[in-house]
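Structure first, commentary second.
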Amino acid sequence: MSLELTDVTLTYPDGGARLTALDKVSLTVPAGTLTAVIGPSGSGKSSLLAVAATLITPDSGRVVIAGRDTAGLDRGTLTALRRTTIGTVFQQPNLLPSLTAAEQLQVMAHLDGRSPRKARARALELLASVGLADQAGKRPHQLSGGQRQRINIARALMNDPAVLLVDEPTSALDHERGAAVLDLLTTLTHRRATATVLVTHDRSHLDAVDAVAEVTDGRLTGA
């Protein structure tokens with residue numbers, strides 16, 4: 001299953017006029033591939049990610065998530081789609097300080113009604129997949145920045161999403177840890193067949209990705 005944006009235009013009110021954030025943007029990300037979307041601050045990267053996550057409805061164009069056209073879906077249906085089909089890796093991990101690494105993931109399964117035993121098994125499997133099997137019982141303050149970001153990634157995969165959206169995951173990491181996180185995202189994308197979009201302003205870790213697209217003034221090139 002893929003992610004498809006076709007001729008997406010998004011505008012915001014700007015005084016008495018409209019500011020164009022996305023201008024007829026088209027992007028296709030096949031399952032099992034990672035596309036990096038680069039561009040300076042204010043170029044439209046965050047708007048693209050918000051539209052792909054169905055958090056914002058564009059003025060025009062189509063957004064198709066894992067074969068499902070999102071046009072006309074009500075708020076409840078979109079919420080369910082995000083919970084079951086879309087995984088989001090936020091720029092900051094925002095882990096709950098009182099929960100262990102495994103419990104951070106189990107919360108996601110609880111929201112989806114999964115049994116505690118199955119949730120625990122899934123959480124441990126994902127922590128192992130990101131190299132943190134031996135850190136399952138530790139809380140955020142006991143972990144490094146890179147380890148917390150790996151938990152952030154594992155948490156986004158908890159409900160086996162078809163689409164993975166990643167927002168600036170290396171911004172708070174040094175070069176070495178940033179490269180390791182990107183390598184991990186690429187590996188997991190290929191292994192789990194997700195359609196992954198990585199939004200970043202950092203061009204130094206892009207050798208391993210499958211495609212690179214650039215946003216400039218709301219227009220997308222290179223996709």
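Only the coordinates and a few stated rules stand behind these numbers; no lab work does. Computed from a prediction, not measured in an experiment: that's the story for all the values here. All Cβ positions, even for glycine, are placed from backbone atoms using ideal geometry, and neighbour counts span all protein chains on display.
Computed values, structure above
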| read-out | value |
| --- | --- |
| Extension gain (nm, one decimal) between ARG83 and ASP183, 0.36 nm per residue minus Cα-Cα | 33.5 nm |
| Cα long-axis angle, helix 101-111 against the chain (0 to 90 degrees, to the nearest 10) | 60 degrees |
| Overall Cα dimensions of the chain, principal axis frame, Å, largest first | 52, 39, 34 |
| Among VAL212, VAL89, ALA109 the positive-end extreme of the charge dipole of the chain (Cβ point charges) | ALA109 |
| Mean Cα-pair separation over length for the chain, i.e. relative contact order, pairs under 8 Å, 6 or more apart, % | 33 percent |
| Nearby lysines by direct alpha-carbon distance to LYS138 (threshold 22 angstrom, same-chain neighbours under 8 apart not counted) | LYS118 |
| Leading residue at positive end of dipole, the range 127-186 (Cβ point charges), from ALA179, SER129, PRO140 | PRO140 |
| Per-peptide average of other Cβ atoms within 10 Å, ordering 81-92, 4-15 highest first | 81-92, 4-15 |
| Partners for LYS45 among lysines (Cα-Cα distance below 26 Å; same-chain residues under 8 apart left out) | LYS24 |
| With Cα atoms, 0 to 90° folded angle of helix 116-129 axis to the chain main axis | 80 degrees |
